[in-house]
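Down below is the structure, laid out as structure tokens.
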Amino acid sequence: MKPAPFDYVRARDMTEALDALAQHGSDARIIAGGQSLLPMLNMRLAKPAVLIDIMGIAGLDQVRREGELIVVPAGMRQAALLRRPGLASEQPLLAAALPWLGHYQTRARGTVCGSTAHADPSAEIPLCLVALDGEIRLRSRKKQRRLKASAFFAGMMVTEKADDELIEAVAFSAARPGTGYAFNEVARRHGDFAIVGCAAVVEAGQIHLAVAGVADKPERRSWPRLDGSALDDALNAFAWELDAREDLHATARLRRDLVRNLGRQTIEEALRCLA
Amino acid sequence: MPRLSAAARHRIGFTLNGKPVSVEAEPRLLATDALRHGIGATGTHVGCEHGVCGACTILIDGVPARACLTLAVQLEGREVTTVEGLAPAQDRLSVMQAAFRRHHALQCGFCTAGILISLEAFLREEPDPSEQALREVVGGHLCRCTGYTPIIAAALEAAAILRQPITTSTDAESAHV
Amino acid sequence: MKAETILWTGQSVERVEDAALLTGRGRFIDDLGVRPGTLHAAILRSPHAHADILAVDATAAAAMPGVAAIVTGRDLARLTTPMVAGLKIAAENWPMAVERVRYVGEPVAIAIAETRYLAEDALDAVEVEYAPLKAVVDPMASLRPDAPVLHEKAGANLVSDRHFRYGDPEAAFAAADRTVSVKIAYPRNTGAPMETFGVVAEYDPHEDVYDILANFQGPFSIHTVLARALKVPGNRLRLRMPPESGGSFGVKQGVAPYAVLIGVAARITGRPVKWIEDRLEHLGAAVAATNRVTTLKAAVSADGRISALDWDQVEDCGAYPRAPEPATLYRMHGNMTGAYDIRHVAMRNRVVLTNKAPTGLVRGFGGPQVYFALERLMQRIAVELGLAPLDVIRRNLIPADAFPYRTATGALYDSGDYQQALELAVSGRLAELERRRDEARAAGRHYGIGFAAAVEPSVSNMGYITTVLTAEERRKAGPKNGAQATATISIDPVGSVSVHAASTPQGQGHRTVLAQVVADIFGLPHREVRVIADLDTGKDAWSIASGNYSSRFAAAVAGAAQLAATRLRDKLALIAARQLKVEPGQIGFAGGAVFAKGNPDKTIPFGRIAALSHWSPALLPEGVDQTIRETAFWTPPELTAPTEGDEINSSLCHGFIFDMAGVEVDPVSGKARIDRYVTMHDCGRVLHPGMVEGQIRGGFAQALGASFYEELAYAEDGAFLTGTFADYLLPTATETPDIEILHIETPSPFTPLGTKGVGEGNCMSTPVCLANAIADALNVAEINLPLTPAKLAALAARPEPPQPEASRSAAPVGRPGDRALRGEGEAKVAAAPEAIWAMLLDVDTLASIIPGCHGVQKLSDTHFKAEVTLGVGPVKGRYKAEIKLSDLDEPRGATLTGSVSGALGTGGGAGRVTLTPDGAGGTVIGYTYEAAVGGKVAAIGGRLLDGAAKAIIGQFFAALARKAAPGRPGVLARLRARLSGRRA
């Protein structure tokens, strides 16, 4: 289990990284934390001709606040975001979800943007981005653009990122007053990709529920402040709409049940935070 | 821009357990192979090469990393710690290593290096961890022999010993996790 | 005088092994240096479950830089013979496919190069042409007359069918009040040691000697299999084991076929060759425990007393019955009645072959399969008769005064007091469990209590495997029996003591225990006794039963060491008696001294007496030849060959386990929480309590994996699905609860130290104890492992809320176990059906619309070949594709059949395309497809496949739409691919 050969570019600044990406396109891959990419290289599922390492670029490892947005740049490791002082009040959903992401050891290396680019439909960071209506900031040599999370994720490990683009940063909305947040997940073992992950955001007039692990990308629905059987019906419709996956680790039925039950539980927890 | 060609070997220099070392590496050479077969530090073991089992966990600049998910070229200029760097002297054991021995927290010993490394990093962040916190850290490793309970017991005991005030120079020396 | 009674044995001393392992100084196979010039091997493996190999083209691979050779099955067949198996059947048992592959992961070629990296590069360039055959993975399906036959020479997949009868089972069933039965499909799992296989081989063409280092664990009966396969006498196969081995749990028996492969690679290249198995290879093709379908019936009285059992076992050994199989099916033969006094047994044992990896030793070895059925049956008897499960167990246990107890099927249970063990375990604890259960149930939660009683056999009789043969076949072959154990004690010229044992430890701490045992004999500090446990068949004492399996260390090997040490000590006592001028009977050994008991003046340092044979042999008393080296061999007389009536004492020792668990199931998540787990053991005398506890905890954790997480899963078409640790799930520290361990000790009268094995018991008792608890919690009768959340949630679930009309899609639903990818969709294209039709049959158009196409070759009007690069996300590979069009209905529809193959695996599928005029000059293209993927990508990237199929098919039609109406902007926007690809 050894990687196929590739050239290695140690980019010193963003221009070098973008130039290399422009030159090699789909033959190049960005490496940051490497926690998703290296297994694929070792198994030769991916055989890029060039790896572009962006971890040597200065200034990519500090969270910025842009008004209501928490902007996480490409070099920020998951553990560093989790350790950010005040994260639990700045965005409680992130503080609740990040400990579920892999293990202590993989969070220490894996990056927030890397997990976004990998676009695993069960993953916590894409789920939080979708739940919080976050944005993905893409950059190529020619241009920069921003996509809403719901538009960025296109399918199982497929995104709208073009071959010459990299994710420069992702932005999560910070907690707003009068809004409740909650996160829950069921996985086979602690640290595994979720069978179903639920992220709820509840505002004065609206309930938002985002779900990972069910469809081929994280999906979000919004409803007025339903409760009782109306909420059950809404969740049931959502569960069926997602056309749940069936795989080794869970049946479609279990996934639908979790959307209904864990989804409701998560919404209720978010409501309690609100109260 | 610095570009290392796939077809060539490149000299990569870094610090291993406090000493400067270097190794010849193609870009694709995994850090596990560089450490074990390039440098001869065979204490870091290879159990899965896809980042799950944790046997190859090392510290890079004090932060845990799966060496099998790290390229040798990524070690350039870094401070690397492996299991060979944990004991205070060749003929001694660290507090944690001694606790592992007392508690029979290893059997075949193949996974042990990685677990010791993770605990080394974690106890620096959290000197007084709960059992659950330790279970989650050790949860990033697979051990097929022990059933984990003795590992957790050893880690709890070692953490308690390490929290005691240091009184003599000997203790100071063994205060290395 | 120092008391002789203070013994090291029985104390949890710190292990001598640990300091090296804790500081990174272990010497595992991949930590040892190799000779300069050593080459590295990588193995190409079959992506097909069943296929004929039409051609292997290694020309390009062999020409790559750093590549020394590509070895194929034909080379292997030229230099070796097939490996012999425990069954006499006509199937050829090669360690690498010669003409046909029979399971995914079967070796097909070996690349040997200067580095492992270059060897893997070469594998990517080896071209193999296969003709796929129908595969069978289910053991019951493989029995059907229409099942594809794996080995045509063997005639059928059923390769052994034996009926056994002990006592008068028919009469017992006829007389019984009730018959209770269970049907079990026990899944495949494995030991998954953290260190994988490793082999370093050299061949000397002048002496015709293979020198092979491998982390093999025995049994060394396999040495004879290997020598025969390599076509050398035993003395020309020198097999060496490294000092440390990173766990085995039986599995490292399975490195044996690779010793042949790498030996041949070394012979062909003329250089030493090293191979370290990687984890994907290990999970897919190393060793699996057998999956087994069991129907077990009991004849019972109304009060739950069992008079007879009727076993029907169908054992699945995978694609080749590899030695020592079918041993898994026969290891428990003597103890098929478990802990119970049941005198009448009927049994039918069948062995079948399927298109899955070969099976072999895995911790528990036959016990998990047997006890899951037997102890589920005990619970069902209680439920069906309305009795307390514990009372049914109590009523049937073998009485304490019956030992040694001869079972109906021939085992001689050495010792035990099952009643005492059970009552001690439940005392106080069961009442507390019942209180917790009642509270939980009162609150509407699902809580259950489970029990399991198991007899844990240890020290296998080498003759038990021959029970698969008829008495007549056995007479022809000659009797096989015994369990030869050996140990050697040496004393050097300064009188220090060394021990060598043929026990090949894999982490169990044998060196520490041997030091304790031998130190006690000589009255030495245990740290002064040095133990070497790596084995070299060229130099060391060994026999066919040597090795580390069937929990034989404490009972057999430590006993042999004690015997050897005692022989030496008795001779040393004669020397000392002469020196001290006392009677030999007065001599004692303690505290590093030899002394006359009751006479403190008469004391000599141990070393002086011990070294005398080296320096002053003239002073040896008459009758003492030397005290330099003593090798003891020990085999117990109780282990005799099977009788004419097929009774077999399959193991020497029989420990006892009684487990009790309280488990709660969350009906929403389907996750089970172990609230309490108590395990009571009687393993005879305990030599090192810390290690015994370690064995129990480790066995429990593996059993926990088997219960909830682990399965080596195959699709119906034979694709292997659990090739990584992300899909084959081992329990971690967050899943593994603490347990309560209890002991009683009834020493074995048959072993030198009174010890019995303890390493495997919980793998036998725990899965069924947990299953019984869950069956109790959910009130269900049929329950099979692994108890995944989906399974448990389904058992606990209420009817599902219906799908609202608005969200209803017409996605086809597959059968359970059928993992085919299915989907459908449609696209609107601004061109007439006739134009689309022409495009689908045109080479150039196809070349431009097939995703990632590098060119299409037309073989006929309806048959095309293409080279394509397919990818989804970061996963990308180059494949050869073949496309056929059939059922042509111009211009309304056609069936497309396609297959792709490449380094990442294979895929095949069929789809129906329909072209319907949309009434506005355009066409609605509709399609349905069904596809299956195999090989590496199925094993490691299962979750990716839906996405890949959808994306690729979507790309194809998008390109077709673009091509059909190039000048029409917005056509893509109208591409309404209602893809609903799913794995059913």
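Could you give me the percent of Cα pairs per 10 Å distance bin for chain A, shortest bin first, beginning at zero and ending with the bin that holds the maximum distance?
With a bin width of 10 Å, the distribution comes to 7, 30, 35, 20, 7, 1.
Return the aspartates and glutamates within reach of C:LYS297: Cα separation strictly under 16 angstrom, same-chain partners fewer than 8 residues apart disregarded; answer none if there are no such residues.
Filter leaves C:ASP168, C:GLU170, C:ASP177, C:ASP310, C:ASP312, C:ASP341, C:GLU375, C:GLU384, C:GLU782.
Could you tell me what % of all Cα pairs in segment A:23-158 have separations over 23 Å?
The share of Cα pairs beyond 23 Å in segment A:23-158 comes to 32 percent.
Given axes a ≥ b ≥ c from the Cα gyration tensor, I'd like to know whether segment C:1-155 is rounded (a/c under 1.5), prolate (a/b larger than b/c) or oblate.
Taking the square roots of the gyration eigenvalues as a ≥ b ≥ c, segment C:1-155 is oblate.
For the protein assembly as shown, give me the percentage of DSSP beta bridges that are antiparallel, rounded to the nearest 5 percent.
Counting only bridges with both partners in the protein assembly as shown, antiparallel ones make up about 85 percent.
Can you pull the three principal axis extents for the Cα set of the protein assembly as shown, in Å, largest first?
Sorted largest first, the three principal extents are 116, 80, 75 Å.
Shape of chain B from its Cα gyration tensor (a ≥ b ≥ c, root eigenvalues): rounded if a/c is under 1.5, otherwise prolate when a/b > b/c, or oblate?
Prolate.
Give the relative contact order (percent, whole number) for chain A; include only Cα pairs under 8 Å separated by 6+ residues.
Reported relative contact order: 16 percent.
Which parts of segment C:318-345 would a label at C:ALA400 reach, counting a residue when its backbone N lies under 17 Å from a point 7 Å out along Cα-to-Cβ?
Answer for this model: C:340-341.
With the dipole of the protein assembly as shown worked out from charges on the C-beta (+1 for Lys and Arg, -1 for Asp and Glu) around the Cα centre, which of C:GLY33, C:GLN508, B:GLY147 lies farthest toward the positive end?
Of C:GLY33, C:GLN508, B:GLY147, it is C:GLY33.
Name the lysines eligible as straight-distance cross-link partners of C:LYS865: C-alpha to C-alpha under 29 Å, and not fewer than 8 places from it in the same chain.
A:LYS47, C:LYS134, C:LYS828, C:LYS876, C:LYS880, C:LYS884, C:LYS936, C:LYS950, C:LYS963
What's the long-distance tail for segment B:95-174, i.e. % of Cα pairs beyond 20 Å?
For segment B:95-174, the share of Cα pairs beyond 20 Å comes to 26 percent.
I'd like to know which of A:VAL214, C:GLY645, C:PRO851 lies farthest towards the positive end of the charge dipole of the protein assembly as shown, counting +1 on Cβ of Lys and Arg and -1 on Cβ of Asp and Glu.
It is C:PRO851.
Defining a contact as two alpha carbons under 8 Å apart and six or more residues distant in sequence, what relative contact order in percent does segment A:64-173 show?
RCO, segment A:64-173: 31 percent.
If a helix is a whole DSSP H run, which ones in chain C reach 24 Å or further along their own axis (Cα) and hold a mean Kyte-Doolittle hydropathy of at least 0.0?
Taking the DSSP H segments of chain C (at least 24 Å long, mean hydropathy at least 0.0), we get C:367-385, C:558-580, C:761-778, C:945-964.
So how long is each side of segment C:484-634 along the principal axes, counting just the alpha-carbon atoms, biggest first, in Å?
Between the extreme Cα coordinates on each principal axis of segment C:484-634 lie 47, 27, 23 Å.
Could you check the simple spin-label distance between B:GLN132 and B:LYS19, using points 7 Å along Cα→Cβ, in nm with one decimal?
4.4
Starting with the fewest neighbours, write out B:ARG124, C:ARG116 ranked by other beta-carbon atoms found within 10 Å of each beta-carbon.
If I rank by nearby Cβ atoms, fewest first, I get B:ARG124, C:ARG116.
For segment A:181-274, compute the orientation-averaged projected area of the C-alpha convex hull (one quarter of its surface), in nm².
Mean orientational projected area (segment A:181-274, Cα hull): 5.5 nm².
What is the pair-distance distribution P(r) of segment C:387-501, computed from all Cα-Cα distances in 5 Å bins starting at 0, with each bin given as a whole percent?
2, 7, 11, 12, 10, 10, 10, 10, 9, 7, 6, 4, 2, 1, 0
Based on the alpha-carbon gyration tensor of segment C:339-453, what equivalent-ellipsoid semi-axes (square roots of 5 times the eigenvalues) come out, in whole Å, largest first?
30, 23, 14
Assign unit charges at the C-beta atoms only (+1 for Lys and Arg, -1 for Asp and Glu), then state the dipole size of segment B:10-84 relative to its Cα centre in Debye, rounded to the nearest 20.
20
Compute the distance from the alpha-carbon center of segment A:156-170 to that of segment C:121-161, in whole Å.
If you average the Cα positions of each part, the centres end up 43 Å apart.
Debye sum, Cα scatterers, segment C:706-784, no solvent: what log₁₀ I/I(0) at q = 0.21, 0.24 1/Å?
Per q value, in the given order, log10 I(q)/I(0) is -1.12, -1.22.
Give the order of C:LEU904, C:LEU888 when sorted by the count of other beta carbons within 10 angstrom, beginning with the fewest.
The most exposed by this proxy come first: C:LEU888, C:LEU904.
Along the principal axes of its C-alpha atoms, what lengths does chain C span, in descending order and rounded to whole Å?
Dimensions of chain C along the principal axes of its Cα atoms: 119, 73, 54 Å.
Set the Förster distance to 51 Å, then compute FRET efficiency between C:VAL843 and C:VAL98 from the Cβ-Cβ distance, nearest 0.05.
Using R0 = 51 Å, I get an efficiency of 0.85.
Please express the Cα-Cα pair-distance distribution P(r) of segment C:609-682 as a list of whole percents, one per 5 Å bin, running from 0 to the bin with the greatest distance.
Whole-percent P(r) values from 0 Å outward: 3, 10, 9, 7, 7, 7, 7, 9, 11, 9, 6, 4, 4, 3, 2, 1, 0.
How large is the dipole of the protein assembly as shown about the Cα centre if only Lys and Arg carry +1 and Asp and Glu carry -1, each at its Cβ, rounded to the nearest 20 debye?
1200
Name the residues whose placed amide hydrogens come within less than 5 Å of the amide hydrogen of C:HIS743, ignoring near sequence neighbours (fewer than 5 apart) on the same chain.
C:HIS681
Specify which residue in the list C:ALA965, C:ALA560, C:ALA866 is farthest towards the positive end of the charge dipole of chain C, using unit charges on the beta carbon of Lys, Arg (+1) and Asp, Glu (-1), about the Cα centre.
Farthest towards the positive pole: C:ALA965.
Over segment C:484-634, what is the relative contact order in whole percent, taking alpha-carbon pairs under 8 Å and six or more residues apart?
Relative contact order, segment C:484-634: 33 percent.
Going by C-beta contacts inside 10 Å, put C:LEU213, C:LEU652 in order with the fewest on the left.
C:LEU213, C:LEU652
Just to check I understand the Karplus step: with θ = phi - 60° and J = 6.51 cos²θ - 1.76 cosθ + 1.60, what whole-Hz values come out for segment A:238-248, glycine and proline as x?
Values, residue by residue: 4, 4, 6, 4, 6, 6, 4, 6, 10, 8, 4 Hz.
Indicate the gyration tensor shape class of segment C:600-748 (rounded, prolate or oblate), computed on the Cα atoms with a ≥ b ≥ c the square roots of the eigenvalues: a/c under 1.5 is rounded; otherwise a/b larger than b/c is prolate and the rest oblate.
Note, shape of segment C:600-748 comes out prolate.
Only the coordinates and a few stated rules stand behind these numbers; no lab work does. Quick caveat, the model's predicted, so the values are computed rather than measured. Heads up, the Cβs are rebuilt from the backbone with ideal geometry, glycines too, and the neighbour counts pull from every protein chain shown.
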